[in-house]
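Enquirer: Have a look at this one.
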Amino acid sequence: MAPADQKPVVFSGIQPSGELHIGNYLGAIRNWVGLIDTHDCIYAVVDYHAITQDYEPRELPTRVFDMAVDLLACGIDPARATLFRQSDVAQHTELTWILSCCTQFGELGRMTQFKDKSARQADNINIGLFTYPVLMAADILVYRAGYVPVGDDQLQHLELCREVARRFNHRFGDLFPEPNPILSSTPRVRGLDGQAKMSKSIGNTVNLRDPPEEIAKKLAVAVTDPNRRRRADPGNPDVCNVFALHERLSPPQVCAWVREGCTHATIGCVECKRALAGNMAEVLKPIREAALDLAARPDYVRDVLATGAARARGRAAATVLLVRRAIGIDG
Ligand code: TRP
């Protein structure tokens, strides 16, 4: 294995939404863990991004802590990857200011997430919400990362980051690589309502720490193929979100059994869901156990984040030094 500093640098961030759900895990975090073997991975819990949306300050520390616990429980190994809290590394915000001077007002106004979020919190369209993509660009570029695992909803932000890097390089000399996205190979899982993406704010999630009974209870009311109204109706697994979860979590024989049974109405949704609940609980068991163990050792978790922040800070400071020289601030 190549030494750490020769592996390609990966950066990604996740908002401190509290506990991770299975949609986060299957869509993103599983990839984050997989990249650690082959890449120099830097992962941040992005609390400065979180404060752009309405939130309760008293809850933020717990949200960050729970997210860190779950990331570690999923297999982000702090001995082989860097995990930290964004606000602990001040260079992210320092670089944000500099990059904002290389970003056009019009570009940010075209960001679809900005437009969506502004519509949702019309009474708080703060400047942080507007410059959110610049902070995200700084997160990535401050480590001169070449690769960024993201969901497709973040591609526009990443494209902006590439544009800003290009513009900086053109004006001040080649300093930043243009980071490439690493997209998750499996499409996003929908929530238990079968409609929207799985999301804590919608309340349609299975959380990684949900015990088996809770998983079974949530799945029991999950939406399946809406055209299968009765047990005797044949169903269509290809439009059923419960089947989509089977495909990601259950062994191939089980998926084949469900497809066969559903399309011929020889099994009902109840049996299908029971099988899924069992497999899901099985997949989540080691993660849940690790998370419960970590949550009981808060000092250890805080120590991991502090160590990660110190390591990240050293690297970020080196980049900011080069940036300040390039733009004419330091000698
Ligand atoms: N905006 C990202 C999201 O909501 C989170 C994020 C912040 C991020 N900074 C990042 C992702 C840098 C990748 C790289 O999902």
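Enquirer: Determine whether Leu129 is part of a helix (DSSP H, G or I) and within 16 Å of the chain's Cα centre (by Cα). Walk me through how you get there before you give the answer.
Expert: Values: part of a helix (DSSP H, G or I): yes; within 16 Å of the chain's Cα centre (by Cα): no.
Against the criterion (part of a helix (DSSP H, G or I) and within 16 Å of the chain's Cα centre (by Cα)), Leu129 does not qualify.
Enquirer: Hey, among Val239, Val320, which residue is in the same structural domain as Gly13 (by TED's automatic domain parsing) and either of a type in the set (Phe, Trp, Tyr) or over 28 Å from Val69 (Cα atoms) (or both)? Steps first, please.
Expert: Details: Val239 fails: in the same structural domain as Gly13 (by TED's automatic domain parsing).
None of the others qualify; the one that does is Val320.
Enquirer: Moving to a separate point now. So in region 149-192, with the set limited to residues that are β-branched (Val, Ile, Thr) and within 16 Å of Leu135 (Cβ to Cβ), which one is nearest to the ligand (Cβ to nearest atom)? Steps first, answer last, please.
Expert: Let us first name the residues in region 149-192 that are β-branched (Val, Ile, Thr), namely 150, 164, 182, 186, 189.
Those left that are additionally within 16 Å of Leu135 (Cβ to Cβ): 150, 164.
Working: Val150: 5, Val164: 13 Å.
The extreme case among them is Val150.
Enquirer: So is Ser250 crowded, with 21+ Cβ neighbours inside 10 Å and not acidic (Asp, Glu) or not?
Expert: On the way: crowded, with 21+ Cβ neighbours inside 10 Å: yes; not acidic (Asp, Glu): yes.
In short, yes.
Enquirer: So how many residues does region 102-129 have that are free of Cβ contacts under 8 Å to residues at least 60 places away in the same chain, within 14 Å of the ligand (Cβ to nearest atom) and within 29 Å of Gly314 (Cα to Cα)?
Expert: 0
The values are calculated or read from the model by the stated rules, or taken from the named source; none is laboratory data. Note that the coordinates shown come from a computational prediction; the quantities given were computed from them, not determined experimentally. Cβ coordinates were reconstructed from backbone atoms using ideal geometry, including for glycine residues, and neighbour counts include every protein chain displayed.
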